[in-house]
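The values are calculated or read from the model by the stated rules, or taken from the named source; none is laboratory data. In this text the structure is predicted, and so the values were computed from the model without any measurement. Reconstructed Cβ throughout: ideal geometry from the backbone, glycine too, with neighbour counts over all protein chains shown. These accessible areas exclude ligands, DNA and RNA; they are computed on the full protein's heavy atoms, side chains included. Shrake-Rupley method; radii C 1.70, N 1.55, O 1.52, S 1.80 Å.
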Amino acid sequence: MTFIDKLSAAWTRNDSLLCVGLDPDLARFPAQLQGQPDAIVQFCKAIIDATADLACAFKPQIAYFAALGAEAQLEEICRYLRERYPHIPLVLDAKRGDIGATAHQYAREAFERYGADAVTVSPYMGFDSVEPYLEWADRGVIVLCRTSNAGGSDLQFLDVGGRPLYQHVAQLVAEKWNRNGQLALVVGATFPEEIAQVRALVGDMPLLIPGVGAQGGDVDATVRAGRSANGTGMMINSSRAILYAAPQAGEDFAAAARRVAMETRDAINAAR
């Protein structure tokens, strides 16, 4: 089964467009996990188990693991996802971008070491830096397009033939790079008007949309702008708002994560 097929099935099976991000921050872990050598694994597994029936994808952010020297724990978490929840896509958020030979190694890291169904990449170095990922024909490649951070406008709004660069990237990916139907785009929820413009350019191509929750993206505006013709087409990511709900709610961290994930999933569904 390809990444696109698995994602489509997950949208239907869980009636969800919610992507749960896994960004482990030890400083925000609950007291019972503090100081435990496998705290990251325990925390992420509990979040996964609590939200798996509410999510269309899980998205571990590799930097949160690598900064702690916890790549082996990330491998264990990815293995757990593949074995326990094989029907839910695993998106490795790595934002890689380098020359072809190096890109091939990054692709091996994502698809062979971690067994990811898809990986995020940067288009800045052009198609030959993306092409090596396409050798894994059943995997997805999610290209940065219009990112949710304010500084993204420094480059993404540069004029390219009378339109902003992010629109050029969207059309290039949809019309020239997507040779095998493997590609998707990252478009931030903080800019719903740009989401709508990207959707108009790329048809039903899947969009990974970060920025709801802690970053303040508006769910209703995001869904209206980004849904595809059949009312799906999006992985709307929330990370910190779900992972660290417990300190504000005073609940068990996994129960609090489930509550916020359900609220977010239901808000998304109400909007579509």
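Flag set for ALA116, criterion: under 17 Å from the mean Cα position of the chain (by Cα) and part of a loop (DSSP other than H, G, I, E, B).
Can you tell which of LYS6, LYS59, LYS95, LYS45 is over 17 Å from the mean Cα position of the chain (by Cα) and surrounded by 15 or more Cβ atoms within 10 Å (Cβ to Cβ)?
Only one candidate passes the filter, namely LYS45.
Can we say TYR85 is surrounded by fewer than 21 Cβ atoms within 10 Å (Cβ to Cβ) and under 24 Å from ILE268 (Cα atoms)? Yes, satisfied.
Only a single item in (1) more than 19 Å from PRO86 (Cβ to Cβ); (2) without any contact (Cβ under 8 Å) to a residue 60 or more places away in the chain is not met by ILE48, and it is number (1). Taken over the stretch 140-152, residues that are part of a helix (DSSP H, G or I) and open to solvent by 10 Å² or more (accessible area, probe 1.4 Å) amount to 2. In the stretch 241-271, which residues are touching a Lys or Arg at 6+ places or on another chain (Cβ under 8 Å) and either open to solvent by 40 Å² or more (accessible area, probe 1.4 Å) or farther than 22 Å from VAL202 by Cα (or both)? Residues satisfying the conditions are LEU243, TYR244, ALA245, PRO247, ALA249, GLU251. Taking the listed residues ALA184, ALA189, ALA196, ALA241, the one that is closer than 25 Å to ALA150 by Cβ, part of a strand (DSSP E or B), among the small types (Gly, Ala, Ser) and touching a Gly at 6+ places or on another chain (Cβ under 9 Å) is ALA184, with no other qualifying. Does ALA39 satisfy being modelled with pLDDT of 95 or more, surrounded by fewer than 24 Cβ atoms within 10 Å (Cβ to Cβ) and within 25 Å of GLY140 (Cβ to Cβ)? Spelling it out, it is not the case that ALA39 is modelled with pLDDT of 95 or more, surrounded by fewer than 24 Cβ atoms within 10 Å (Cβ to Cβ) and within 25 Å of GLY140 (Cβ to Cβ).
Does ASN237 count as under 16 Å from ALA57 (Cβ atoms) and not small (Gly, Ala, Ser)? Judged against the criteria, ASN237 is a match.
Tell me, which helices (runs of 4 or more DSSP H) lie completely within the stretch 19-101 with 1 or more residues that are touching a Lys or Arg at 6+ places or on another chain (Cβ under 7 Å)?
39-51, 71-84
I'd like the residue in the stretch 123-139 that is part of a loop (DSSP other than H, G, I, E, B) and touching a helix residue (DSSP H, G or I) at 6+ places or on another chain (Cβ under 8 Å) and, out of all such residues, is surrounded by the fewest Cβ atoms within 10 Å (Cβ to Cβ). For the stretch 123-139, the residue satisfying everything is ASP138.
In the stretch 9-18, the qualifying residues are those that are under 17 Å from the mean Cα position of the chain (by Cα) and not in a loop (DSSP other than H, G, I, E, B), and the one that is nearest to MET262 (Cα to Cα) is LEU18. Scanning the stretch 44-78 for residues that are in contact with a Gly (Cβ under 7 Å, 6 or more places away or on another chain) and more than 21 Å from VAL187 (Cα to Cα) yields a single hit, CYS78.
Which numbered condition trips up TRP11, out of (1) at pLDDT below 95; (2) touching a Ser or Thr at 6+ places or on another chain (Cβ under 7 Å)? Condition (1) is where TRP11 drops out.
Contact annotation: residue pairs with Cβ atoms under 7 Å, 6 or more positions apart or on different chains, pairing a residue in the stretch 153-173 that is within 16 Å of ALA196 (Cβ to Cβ) and part of a helix (DSSP H, G or I) with a partner that is open to solvent by 40 Å² or more (accessible area, probe 1.4 Å) and not polar (S, T, N, Q), are GLN156/LEU165; GLN167/LEU201; ALA170/LEU201; GLN171/LEU201.
In this structure, is GLY69 open to solvent by 50 Å² or more (accessible area, probe 1.4 Å), at pLDDT 95 or above, small (Gly, Ala, Ser) and over 30 Å from HIS168 (Cβ atoms)? Show your work before the answer.
Values: open to solvent by 50 Å² or more (accessible area, probe 1.4 Å): yes; at pLDDT 95 or above: yes; small (Gly, Ala, Ser): yes; over 30 Å from HIS168 (Cβ atoms): yes.
When the stated conditions are applied, GLY69 passes them.
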